[in-house]
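Colleague: This is the structure I want to talk about, given as structure tokens.
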2 protein chains.
Amino acid sequence: MADIRNKIGKEKCAELLNASLEIADEIREIVLAKIISGFEVQVKSDNTVVTDVDMEVESLFRQRIHEKYPDHGIIGEEFAVENKDADFQWLIDPIDGTEEFIHHIPTYGTIIGLNYKDSPIVGMMDHPTLNARIYGAYKAGAFYNDKKILMSENKTAELLAGRERIFVPPFASFLKWSDEGNLFDRVVRSFPNIRIFHGCYAYTLAITGGAAAMVEYNVKIWDLAASQILAEEAGGAFQLIQRQPRPNGIVSYGAVFGRKEIVEKLVKLFPEMNA
Amino acid sequence: MADIRNKIGKEKCAELLNASLEIADEIREIVLAKIISGFEVQVKSDNTVVTDVDMEVESLFRQRIHEKYPDHGIIGEEFAVENKDADFQWLIDPIDGTEEFIHHIPTYGTIIGLNYKDSPIVGMMDHPTLNARIYGAYKAGAFYNDKKILMSENKTAELLAGRERIFVPPFASFLKWSDEGNLFDRVVRSFPNIRIFHGCYAYTLAITGGAAAMVEYNVKIWDLAASQILAEEAGGAFQLIQRQPRPNGIVSYGAVFGRKEIVEKLVKLFPEMNA
């Protein structure tokens, strides 16, 4: 069956990727300036933290999409969905890892993704403090700053065989809706060499070879906006392990992505979700 | 009872701290140059990784201590103990977080400590990629780059009350000698908002307010070389929870450090170790 994304064409894909990178440049400037000038932190109704930087970044993003692609849809963390029936849907998490950001820990980042009829065609994650950016588009490859990412060329994979490094979410992520700590236990007992960053720099590392894979759980759609296209374009695998409707229209997502053979093993740890 | 460290005097303490900072400057240059030029990675007999940078850094450190303080002792990760009966004992972990270092993940660092008759008087942790350094000496305070650290002034502590951020070791650290995974389970169930960096930048964050506390387990003495003096000089607490002889003269250490009230709660999770 032909992939629906082939309808878009290489040039259009490149244009859309470039648009996301241009906006990301503007966002990075705002974020770095705010780190120096200072910002306000508030606790949201769901008990997570948010800053005025989150708001400002997402507002700018929406404004730029309105200007360039007024008929495209936008789904973001801080404001309401726009043009929800459009074929092209932009997704943004303005500051992923806000808890890290407020502590000036550089593992936070901005996530931007673009789906065409629910299939990802563009992905970008930017880590301003680290001067690190990962980006890619359908059939155009994935890049870390200027370097093409090829998971097969990861030289450390062999050195760490048998004690693969896996990024997982904090234990707290498995308690969000009910106590699913047993899933966490299962992962860490199969892959004990775990790391927890809780900022999207962990995603970037799972795609660029800094870890064998990433397990994510109970997150929102914008958190995973860039990971599938980037993992696949880097020569790795991405597999959804959770898509669970919650009250008030919320949907919880979980996924495993990174090196194919490790993703396969990790997915088997979630047999109840392979339906 | 008078603290034995008062015998040393302020000026001598300042001199020793400065000596450690001067060597740290040299080390940082080597490390940053090696990241650009490349380095060799090997797997050690204990199944951990080591690079030629670890070796080169520790050699330089030993040379500088020989020159400045020939009668001082040195305990380091890569070479044999020197002058083991000296009153002054330098400790070094040349690259803490080698697995991170080989992946160019900036959470690695160099740890230097100095004990006088087993009491810590100088501590320093340097994170070259992040241009971040934490250092301090007995009764002289603790500093992050040029800024004095005062845990009591941490503004985010209140915002995150009830969901304190705690750094813990990877699950693998609780399997090193026997399966003590139950200790890990206990910690994450009491403090589910955990992070795992497995590089000493986590220690730095627990001392500078990026987390409420750090739990460390089954590490070597050089890993904790700087944490006690830095946590205490920053106005926080440090408590040893493990000091366990192993075969071949190895001793495993565990500790909790960070904000006093959180350290107290964490220590209670290890009742079998409060002997």
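The values are calculated or read from the model by the stated rules, or taken from the named source; none is laboratory data. Everything numeric here is computed off the predicted structure, so don't read it as measured data. Positions of Cβ are generated from backbone atoms using ideal geometry, with glycine treated the same way; all protein chains shown enter the neighbour counts. Just so you know, the surface numbers come from the protein's heavy atoms only, side chains and all, with ligands and any DNA or RNA stripped out. Shrake-Rupley method; radii C 1.70, N 1.55, O 1.52, S 1.80 Å.
Colleague: With the checklist (1) within 14 Å of chain A (Cβ to nearest Cβ); (2) touching a residue at least 40 places away in the same chain (Cβ under 8 Å) in hand, flag the one item B:Tyr116 doesn't pass.
Modeller: (1)
Colleague: Just checking, does the range B:257-266 include any residue being assigned by TED's automatic domain parsing to the domain that holds B:Tyr217, assigned to a strand (DSSP E or B) and touching a residue at least 12 places away in the same chain (Cβ under 8 Å)?
Modeller: For the range B:257-266, residues assigned by TED's automatic domain parsing to the domain that holds B:Tyr217, assigned to a strand (DSSP E or B) and touching a residue at least 12 places away in the same chain (Cβ under 8 Å): present.
Colleague: May I ask you to say which residue of B:His104, B:His72, B:His66 is within 14 Å of another protein chain (Cβ to nearest Cβ) and either among the aromatic types (Phe, Trp, Tyr) or over 22 Å from B:Val219 (Cα atoms) (or both)?
Modeller: After ruling out the rest, the residue left standing is B:His104.
Colleague: Considering only residues that are in a loop (DSSP other than H, G, I, E, B) and within 8 Å of another protein chain (Cβ to nearest Cβ), look in the range A:148-167 and name the one that is modelled with the lowest pLDDT.
Modeller: Result: A:Leu160.
Colleague: Considering only residues of the range A:217-253 that are among the aliphatic types (A, V, I, L, M) and open to solvent by 40 Å² or more (accessible area, probe 1.4 Å), which is farthest from A:Thr204 (Cα to Cα)?
Modeller: A:Ile250
Colleague: Does the range A:23-47 hold any residues that are exposed (fewer than 12 other Cβ atoms within 10 Å of the Cβ) and touching a residue at least 12 places away in the same chain (Cβ under 8 Å), and which are they?
Modeller: A:Glu40, the sole residue that qualifies.
Colleague: If only one of A:Gly9, A:Gly123 is open to solvent by less than 60 Å² (accessible area, probe 1.4 Å), more than 25 Å from A:Val251 (Cβ to Cβ) and not assigned by TED's automatic domain parsing to the domain that holds A:Val219, which one is it?
Modeller: Criteria check complete, one pass: A:Gly9.
Colleague: Please pick out the residue among A:Tyr108, A:Tyr144 that is open to solvent by 60 Å² or more (accessible area, probe 1.4 Å) and either touching a helix residue (DSSP H, G or I) at 6+ places or on another chain (Cβ under 6 Å) or outside the structural domain of A:Lys220 (by TED's automatic domain parsing) (or both).
Modeller: Answer to the selection: A:Tyr144.
Colleague: Turning to a different aspect of this structure: Within the range A:38-63, which residues are touching a Lys or Arg at 6+ places or on another chain (Cβ under 6 Å) and within 14 Å of chain B (Cβ to nearest Cβ)?
Modeller: Listed by number, the list holds a single entry, A:Val50.
Colleague: Might you check whether a residue that is among the hydroxyl-bearing types (Ser, Thr, Tyr), surrounded by 24 or more Cβ atoms within 10 Å (Cβ to Cβ) and outside the structural domain of B:Thr129 (by TED's automatic domain parsing) occurs anywhere in the range B:193-202?
Modeller: Looking for residues that are among the hydroxyl-bearing types (Ser, Thr, Tyr), surrounded by 24 or more Cβ atoms within 10 Å (Cβ to Cβ) and outside the structural domain of B:Thr129 (by TED's automatic domain parsing), one finds at least one in the range B:193-202, hence yes.
Colleague: (1) in a strand (DSSP E or B); (2) in contact (Cβ under 8 Å) with a residue 24 or more places away in the chain; (3) in contact with a strand residue (DSSP E or B) (Cβ under 6 Å, 6 or more places away or on another chain): which one isn't true of A:Ile65, the others all being true?
Modeller: (1)
Colleague: Return yes or no: is A:Asp52 modelled with pLDDT of 95 or more and surrounded by fewer than 14 Cβ atoms within 10 Å (Cβ to Cβ)?
Modeller: yes
Colleague: Still on this structure: Mind listing whichever residues of the range A:168-220 are farther than 26 Å from A:Ile250 by Cβ and at the interface with chain B (Cβ under 9 Å from one of its Cβ atoms)?
Modeller: Scanning the range A:168-220 gives A:Val188, A:Arg189, A:Phe191, A:Pro192, A:Asn193, A:Ile194, A:Arg195, A:Leu205, A:Thr208, A:Gly209, A:Gly210, A:Ala211.
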